[in-house]
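Enquirer: Sharing a structure with you now.
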Amino acid sequence: MSLAQNRPKTEAATAGMEAAAQDRAWEPLIVAFCCNWCSYAGGDLAGTSRMQYPSNIKVIRVPCSSRMNPLFILRAFQRGADGVLVAGCHPGDCHYSTGNYLVRRRLSAFKRLIEFAGLEPERFEVRWISSSEGDKFSEVMREMTAAIKALGPNGKLRDGRWRKIT
Amino acid sequence: MIKSIKKEHLAHLWERLASNGPLYLPVKEGPALLFKPWREGAAVDLETVSSTVSPKEVFLPRDEVYMQFSRAGQKLELHPAVQEPAGRLIAFGLRSCDLRAVELLDMVFCRKEPVDEPYAARRENTTLVALACGEPDPFCFCTAFGVDPVNAPGADVQAWWNRDDLVLEAETARGEALFTLAGELLAERNAVDRPERPATTDFSLPLEGLPKRLKERFDDPAWGRLYRSCIGCGACTYVCPTCHCFDVQDFGHHARGQRFRCWDSCMYKEFTVMAGGHNPRLTRKERVRQRFLHKLQYFPENYGVYACVGCGRCLRSCPVNLDVVQAIRALGGETVEQR
Amino acid sequence: MAENNVDYSAKIRGVVAQDLLSGRIDLLLGWEKGHYWWQSRPLFARDQADLERLAWDSFCAVNLSRYLVDELKENKKVGVLLKGCDARALNRLVQDNMVPRERVIAYGLPCPGMLNYAALLEAAAGRKPDGIAEENGQVTVRGGGVELTVPRDRVLLDKCRHCLYPNPVHCDQLLLTPVGERQAPERFSAVQERESLSSDARFAYWEKQLERCLRCYACRQACPYCSCRECFVEQEQPRWLSKASQPSENFMFHLIRAYHGAGRCIDCGECQRACPVGIPLQELNRKLIKDINELYGHYEAGLDPGQEPPLLTYRPDDPAAFSEK
Amino acid sequence: MPRVGVFICWCGTNIAGTVDIETVVETARNFPGVVHTADYRYLCSEIGQDLIKEAIKNEKLEQVVVGTCSPRMHESTFRKAVAEAGLNPFLLEVANLREHCSWVHQDKTEATAKAIALLRAAAAKAVLNAPLIAPRLDVEKRALVIGGGIAGIQAALDIAEAGYPVDVVEREPSIGGRMAQLEKTFPTLDCAACILTPKMVEAAQHPQINLLTYSEVEEVKGFVGQFDVKIRQKARAIDATKCTGCGVCYEKCPTKTESEFEMGLAKRKAIYVPFPQAVPNVPVIDRDNCLYFRKGRCRICEKECPPQAVYFEQQDQILERRYGAIVVATGFDQLNPVEYGEYAYGQHPDVLTSLEFERFFNAAGPTGGKVVRLSDGKPPRNVVFIQCVGSRDKARGMNYCSKICCMFTAKQAILLKEKVPEARSYVFYIDVRTAGKGYEEFQRRAAEQYGVAYLRGQVGKVFPDGDRLTVKGVDSLSGKTIEIQADMVVLAAASVARGDAAQVGRVIGINSDQYHFFNEAHPKLKPVETHTAGIFIAGACQAPKDIPDSVAQASAAAVKAVGLLAKEKLQGEACTARVDQSGCSGCLYCEAVCPYGAISAVQIEEHFRGEKLTRIVAEVNAALCQGCGSCTVACRSGSINLQGYTNAQILAEVDAICL
């Protein structure tokens, strides 16, 4: 069995960073969790309106932004996401009345916590995008991709093992 | 062969010894003392008697990969874990209790078939340097289990302090190889007397005939009193030099992943949960009893020796001060404590 | 306090003995001395003889509230000795429906803060202390024929240093005289210090701290808010995280452990005290307390069980920690 | 590993033009579980759907993944297809390869790579899909209309005419609402009472309509098809079964107080009907003002009442009833312009709101139908109408247009000219908005035939000047300052949501906009639905609107309600939350965050060391749950999970995307 397993873990933590940097043409991976009723539909509208944005964004549909367990966000970072976005209806417009009001509290607290742990603020964002805001959807996606590109690959919270098995 | 080195030159020695492979030694990390591979600037502490966590992870890492798997369509494929060439390890500064514990782990993992290959490989490649204890910690009670704080059988090198000199005596060929590696950093020495054996805390433990008495007292109500303060964490098992249970888990995704083993603790309620949900050790009572009986009855029955070395780590680390001494006192005496 | 140990212990013993012997309670949760003078461990007293061992001194750090969850399965009514933090812990458990309050008799013990053995060792300056005496906010450490006196504040447990509520709230009976107001402690100073660092420096700090995590879960087991029957950590379906000692897994565990206490953590510091490798866990919890207080109004978990935890409610005009444009 | 089939749609060239279908299909073949792959030009076509159905049968597929347009577009189509082939419809997962991929990216390599990632995520989720069955719910064949104004009356009549019983809850002692306060209506100048009163009577006499006046909704629980509503019927202190409506009681009552109906411009008695045409024509005793209720003496009305209908001991009644659908038509208020100090409202008796002014034209109104100054009883010569008081006022956070003011001002100016031919009207306006059939013509008539002077500009200040009022404004067309000596000033105060609209919305379970007008589910396509299924809105509670719009919306809401009531059973939400009781520790944080009250505590029994213990756990009412999943995050132990979007499924999607 490998002795490398015994390597000090701090090295393993940066291994993800190194591995990502080694990719010749690094492109950030951004996971966007969008609520079905507003933001996902906003994404659909961006599509129907052919509003281009970078393909780095990959959307996962959730019924409501209040379905967003912070563990999903950490999981994405652990498995190599360079940025994570949660998008929901504007406060007051929640399909389920109050979901995004709760999200605002939950994810504000969580965002500050992971920033406290050392994650750059740009890497985790929450945005309100309505179903009629196709333009905003594509703009947010462009802005976020640019911000993450400027930051470079994320090694923090990332699991060094993931790249080995993938 | 006896050699020595001045205390102030030790940093050079670490650098030299670490050049050939990881050099594990006690390093101060925050308030904890941990066996870690030496790195430039590491706060090596050879004074404190016992490390917070035992050095067992040198041989039994907290996690290690067994194999990899991948899946395409309906087909599942297994692949060996990526092997990296085995290198030499040096574990420096283990105490006599730690050495005794290594011996116990050997009994479990490599003295009998089936041999645990990853453990055996590490053990085979490791040079063990024992360090004699000066003044023991109040938690130390190793002498109760027949451990000699200044003399550790099984070590490749036995070291002890002589004022500001660290004196080292090679006991094996591996120990001599270490001297060769250290080269000019170690000075030739004439024989130096080993330090006197210090007194450790005397808890007056009734160890004579203990396994037999415990066996009779499996259902004693005293267990029902003893366990209550246990909060069910795994601190005692993880700091313990002889606890060696592990779990096997997967990491990855259903398309690809790896299977690894990692430390586990019999104090966790999930430890014995079976596939259908049944848990034979339903409450903390059964788990606490299991842990102490394993150390004090089952291990002696199987290997003829107690699986406690009196290092005192559980006395120090248990958040509620429930430890092996407590257990022996409550259930191990001529009569069972009635409260 | 140690000077008058016997008196206080005897006084407490007197009151609880009446309740225990009259059958008002079936069990009393208190403390007794451990192997060493600096250890006081949980006592589960059922009769007068058990009560003889009851001790109240400066080492009764263990929070007894959590034992109520299991002990109430076997006992009808349980009495429990509670320091300030322990009383808030009981409120936490009551609010989370883990403990039926009506089956508990809570005896409050105003607490001057518990002492830290490691700090006493340091105060003893290399000598092996064999006991202490306390008077007027001073602790005298005896050892090796010498006596050294230090201010009590210097040898407190970390968890007690910034205690805001040393007097137990919502108790059925207060057994001792309330202690005076603590001087305004700088509860968030460590958090602020960390906040002033760059992202990378913060990450490096936490990486170093969390690297030594054993995943023994003592922090969780000692914690009054970690009262779940099943923890996400151990769940198999789905497997949120494994027991692997990997930095990312350690981060995930500790960030979520702290996050699950968002708006719920009573800031008792048992997590940090229980940690065998001394990870400054309370900093993560306090970060959340500080932010939630800043964003959504002041809230102290455990003080008022009737007040809704801040993450279970909202105001339409709440601020956010992200852009709402 | 379940047997998975993956189907990729070209969508003509919509997907295939940007995504390399062949590469995607090749890659998908090796996804875990996949046993079958296919692609087709238009998967949503009948042939395309057949392709899926046949594969399900031939390849014994257990899960289906389609890479197509947005699931918001065709998920239901493919669910149906899957169901027709004998699979549970929820064993289908959609990867959005069009709106979220081929339409927003141009580089074929990039788009193809992303398509694979999205498809991989869908496949990873699919293998964890479980069959789900949407609950079938009963429908209570009765509707509730909240609010008895013209919108509520219309909705009630339409529902009743369709054959369903309707209860109308009106908080005032009579139905009629705001329209009852109007003298004439624009643009026809019909007498409001002449067209409203017959409707009121029709509602009162309709066998399917039950009027609950002087009543308020206290609680709405339940869900579409089964709303359980508590209605408080306030005690009138009159036995309505005995009362003949003769009016002797209020003739004899010695106590006077301000009439709400007359906007405080006239008095009414402590026992009263709000207006002569009130329906029902049963008085109410105003307990705050009645001498007997205040001081325990008087009882004149009781003595004088011929049929002995006065019944002081009457108590409020709580009516609990189940309804299948609810129409909310709670109307609006007119802004109290007292805070707009520049207009001197409240400082001078001749500064009025338009609704107050309206009452001057009514024969039964405070002035007996004469338009006179309240200060001296003389008819006014110069009347200044000020538009947009509180509307289109960004500075004060009131951005919207109140819609009806331009028209009612034109109407009042015309009525004024008819009553007081020598009077001159001046209208200060920002814009004149007359969108509506016949509206423009009507306003032009006011300006051209009735000589109403329209001045484009805003009034800076109104000051009392002796017995007259000086109005200072700026004509924005000429830029000149205008000063008018006015005898009366009429303020077109904004139409605002009812003062307690937000509170009412919370009780009913619908949300409102920043101005507290209730929100429709979609501004264009669902104008009368709300986000809560089974609750509809009509009239000015949704936004300011005139009578024809209110009536039209009321009929629309009625049709929606009738459509619902006509259903035998309703299909509930399939993706609902579910509790794993073994892990649930009963903290009930889930209950606290559930917007639908779908979660409650239940006691369960467990065995522990041979003894029976009881403990509390959470339970989900699947009929109430709408599947938002907020509870799953409040649950730290993951013991409550959302079917269709389980924790395991979302994690699998994350992993797959990060592969």
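Enquirer: Give segment B:290-322 a look and list any residue that's surrounded by fewer than 22 Cβ atoms within 10 Å (Cβ to Cβ) and among the small types (Gly, Ala, Ser), or say none.
Expert: B:304
Enquirer: From the list C:238, C:319, exactly one residue is in a loop (DSSP other than H, G, I, E, B), touching a residue at least 24 places away in the same chain (Cβ under 8 Å) and closer than 30 Å to residue D:595 by Cα. Which is it?
Expert: Criteria check complete, one pass: C:319.
Enquirer: Tell me which of these residue C:65 doesn't satisfy, since it passes every other one: (1) over 21 Å from residue C:22 (Cβ atoms); (2) open to solvent by 10 Å² or more (accessible area, probe 1.4 Å).
Expert: Only one criterion is unmet by residue C:65, namely (2).
Enquirer: Here's another thing I want to ask about it. Return the only residue of D:616, D:657, D:599, D:650 being open to solvent by less than 30 Å² (accessible area, probe 1.4 Å), more than 8 Å from chain A (Cβ to nearest Cβ) and β-branched (Val, Ile, Thr).
Expert: That would be D:599, the only listed residue that is open to solvent by less than 30 Å² (accessible area, probe 1.4 Å), more than 8 Å from chain A (Cβ to nearest Cβ) and β-branched (Val, Ile, Thr).
Enquirer: Hey, among D:605, D:568, which residue is over 27 Å from the mean Cα position of the chain (by Cα), away from every other protein chain (no Cβ under 12 Å), open to solvent by 30 Å² or more (accessible area, probe 1.4 Å) and acidic (Asp, Glu)? Step through it out loud before you land on a result.
Expert: Details: D:568 fails: over 27 Å from the mean Cα position of the chain (by Cα).
From the options D:605, D:568, the qualifying one is D:605.
Enquirer: Follow-up question, since we're still on this one. Here is a check on your reading of the model: is residue D:623 more than 12 Å from chain C (Cβ to nearest Cβ) and either surrounded by 14 or more Cβ atoms within 10 Å (Cβ to Cβ) or under 19 Å from residue A:103 (Cα atoms) (or both)?
Expert: Values: more than 12 Å from chain C (Cβ to nearest Cβ): yes; either surrounded by 14 or more Cβ atoms within 10 Å (Cβ to Cβ) or under 19 Å from residue A:103 (Cα atoms) (or both): yes.
Answer is yes for this residue.
Enquirer: Next question. Looking at segment A:80-91, is at least one residue touching a His at 6+ places or on another chain (Cβ under 8 Å), away from chain C (no Cβ under 11 Å) and either outside any helix (DSSP H, G or I) or under 24 Å from residue C:211 (Cα atoms) (or both)?
Expert: Checking segment A:80-91: at least one residue is touching a His at 6+ places or on another chain (Cβ under 8 Å), away from chain C (no Cβ under 11 Å) and either outside any helix (DSSP H, G or I) or under 24 Å from residue C:211 (Cα atoms) (or both).
Enquirer: Also: When segment B:291-322 is examined, which residues are found to be of a type in the set (A, V, I, L, M, F, W, C) and either within 14 Å of another protein chain (Cβ to nearest Cβ) or under 15 Å from the mean Cα position of the chain (by Cα) (or both)?
Expert: Passing the criteria: B:307, B:308, B:309, B:311, B:314, B:315, B:318, B:320, B:322.
Enquirer: Check residue A:33 against each of (1) more than 7 Å from every other protein chain (Cβ to nearest Cβ); (2) under 15 Å from the mean Cα position of the chain (by Cα); (3) assigned to a loop (DSSP other than H, G, I, E, B) and name the one condition it does not meet.
Expert: (3)
Enquirer: Moving on. Would you mind finding the one in D:132, D:61, D:87 that is part of a loop (DSSP other than H, G, I, E, B) and touching a His at 6+ places or on another chain (Cβ under 9 Å)? I'd like the intermediate steps shown before the answer.
Expert: Values: D:132 fails: touching a His at 6+ places or on another chain (Cβ under 9 Å); D:87 fails: touching a His at 6+ places or on another chain (Cβ under 9 Å).
It is D:61.
Enquirer: Can you pull out every residue in segment D:165-175 that is touching a helix residue (DSSP H, G or I) at 6+ places or on another chain (Cβ under 9 Å), part of a loop (DSSP other than H, G, I, E, B) and surrounded by 23 or more Cβ atoms within 10 Å (Cβ to Cβ)?
Expert: Those that are touching a helix residue (DSSP H, G or I) at 6+ places or on another chain (Cβ under 9 Å), part of a loop (DSSP other than H, G, I, E, B) and surrounded by 23 or more Cβ atoms within 10 Å (Cβ to Cβ): D:170, D:174, D:175.
Enquirer: Yes or no: residue D:432 under 37 Å from the mean Cα position of the chain (by Cα) and assigned to a strand (DSSP E or B)?
Expert: Spelling it out, it is not the case that residue D:432 is under 37 Å from the mean Cα position of the chain (by Cα) and assigned to a strand (DSSP E or B).
Enquirer: Can you tell me which residue within segment B:240-290, out of those that are in contact with a helix residue (DSSP H, G or I) (Cβ under 6 Å, 6 or more places away or on another chain), away from chain D (no Cβ under 14 Å) and assigned to a helix (DSSP H, G or I), is farthest from residue C:244 (Cα to Cα)?
Expert: So the residue we want is B:289.
Enquirer: Can you tell me which residue within segment B:205-222, out of those that are within 27 Å of the chain's Cα centre (by Cα) and open to solvent by 90 Å² or more (accessible area, probe 1.4 Å), is nearest to residue B:147 (Cα to Cα)?
Expert: Residue satisfying both the conditions and the ranking: B:208.
Enquirer: Does residue B:115 meet the test of being of a type outside the set (Ser, Thr, Tyr) and in a strand (DSSP E or B)?
Expert: Working: of a type outside the set (Ser, Thr, Tyr): yes; in a strand (DSSP E or B): no.
No: the conditions fail for residue B:115.
Enquirer: Restricting to segment C:200-229, name every residue that is more than 27 Å from residue B:37 (Cα to Cα) and at the interface with another protein chain (Cβ under 7 Å from one of its Cβ atoms). Give the steps one after another, and end with the answer.
Expert: Of segment C:200-229, the ones more than 27 Å from residue B:37 (Cα to Cα) are C:220-229.
Scanning segment C:200-229 gives C:221, C:222, C:227, C:228, C:229.
Enquirer: Can you give me the number of residues within segment A:118-138 that are in contact (Cβ under 8 Å) with a residue 40 or more places away in the chain and surrounded by fewer than 23 Cβ atoms within 10 Å (Cβ to Cβ)?
Expert: Within segment A:118-138, residues that are in contact (Cβ under 8 Å) with a residue 40 or more places away in the chain and surrounded by fewer than 23 Cβ atoms within 10 Å (Cβ to Cβ) number 7.
Enquirer: Considering each of D:26, D:93 in turn, give the residue that is among the acidic types (Asp, Glu), more than 21 Å from residue B:256 (Cα to Cα) and either open to solvent by 10 Å² or more (accessible area, probe 1.4 Å) or within 9 Å of another protein chain (Cβ to nearest Cβ) (or both).
Expert: After ruling out the rest, the residue left standing is D:93.
Enquirer: Restricting segment C:146-201 to residues that are of a type in the set (D, E, K, R) and part of a loop (DSSP other than H, G, I, E, B), which is most open to solvent (accessible area, probe 1.4 Å)?
Expert: Filtering segment C:146-201 for residues that are of a type in the set (D, E, K, R) and part of a loop (DSSP other than H, G, I, E, B), the one most open to solvent (accessible area, probe 1.4 Å) comes out as C:181.
Enquirer: Same structure, new question: If residue B:231 passes every condition in (1) more than 8 Å from chain C (Cβ to nearest Cβ); (2) closer than 22 Å to residue C:226 by Cβ; (3) not small (Gly, Ala, Ser) but one, which one does it miss?
Expert: That leaves (1) as the condition not met.
So that you can scan it fast, the table gives a plain yes or no per residue for (1) open to solvent by 20 Å² or more (accessible area, probe 1.4 Å); (2) more than 8 Å from every other protein chain (Cβ to nearest Cβ); (3) closer than 30 Å to residue A:162 by Cβ:
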| position | (1), (2), (3) |
| --- | --- |
| C:246 | no, no, yes |
| C:253 | no, yes, yes |
| C:260 | yes, no, yes |
| C:273 | yes, no, no |
| C:279 | no, no, yes |
| C:303 | yes, yes, no |
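Enquirer: Can you give me the number of residues within segment D:520-557 that are surrounded by fewer than 21 Cβ atoms within 10 Å (Cβ to Cβ), over 23 Å from residue D:160 (Cβ atoms) and within 14 Å of chain A (Cβ to nearest Cβ)?
Expert: Going through segment D:520-557 one residue at a time, the tally reaches 6.
Enquirer: Also, quick follow-up: Would it be correct to say that residue C:75 is more than 30 Å from residue C:183 (Cβ to Cβ), of a type in the set (S, T, N, Q) and touching a residue at least 40 places away in the same chain (Cβ under 8 Å)?
Expert: Working: more than 30 Å from residue C:183 (Cβ to Cβ): yes; of a type in the set (S, T, N, Q): yes; touching a residue at least 40 places away in the same chain (Cβ under 8 Å): yes.
For residue C:75, the condition - more than 30 Å from residue C:183 (Cβ to Cβ), of a type in the set (S, T, N, Q) and touching a residue at least 40 places away in the same chain (Cβ under 8 Å) - is met.
Here's the yes/no breakdown for (1) more than 8 Å from every other protein chain (Cβ to nearest Cβ); (2) open to solvent by 30 Å² or more (accessible area, probe 1.4 Å); (3) hydrophobic (A, V, I, L, M, F, W, C):
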residue: B:28; (1), (2), (3): yes, yes, no
residue: B:40; (1), (2), (3): yes, yes, no
residue: B:43; (1), (2), (3): yes, yes, yes
residue: B:56; (1), (2), (3): yes, no, no
residue: B:79; (1), (2), (3): yes, yes, no
residue: B:88; (1), (2), (3): yes, yes, no
residue: B:95; (1), (2), (3): yes, no, no
residue: B:106; (1), (2), (3): yes, no, no
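Enquirer: Would you mind telling me which numbered condition in (1) of a type in the set (A, V, I, L, M, F, W, C); (2) modelled with pLDDT of 95 or more; (3) over 33 Å from the mean Cα position of the chain (by Cα) residue D:477 fails?
Expert: Of the numbered conditions (1) of a type in the set (A, V, I, L, M, F, W, C); (2) modelled with pLDDT of 95 or more; (3) over 33 Å from the mean Cα position of the chain (by Cα), the odd one out for residue D:477 is (2).
Enquirer: Another question about this same structure. Output the number of residues of segment D:29-60 satisfying the condition of being open to solvent by less than 100 Å² (accessible area, probe 1.4 Å) and within 14 Å of another protein chain (Cβ to nearest Cβ).
Expert: The qualifying residues number 9.
Enquirer: Can you spot a residue in segment D:278-299 that is of a type in the set (Gly, Ala, Ser) and out of contact with any Pro (no Cβ under 8 Å at 6 or more places or on another chain)?
Expert: Within segment D:278-299, one or more residues are of a type in the set (Gly, Ala, Ser) and out of contact with any Pro (no Cβ under 8 Å at 6 or more places or on another chain).
The values are calculated or read from the model by the stated rules, or taken from the named source; none is laboratory data. Model, not experiment: these values are computed from the prediction. Note that each Cβ is placed from the backbone with ideal geometry, even for glycine, and that neighbours are counted across all protein chains shown. Side chains included, ligands, DNA and RNA excluded: accessible areas come from the protein's heavy atoms. Shrake-Rupley method; radii C 1.70, N 1.55, O 1.52, S 1.80 Å.
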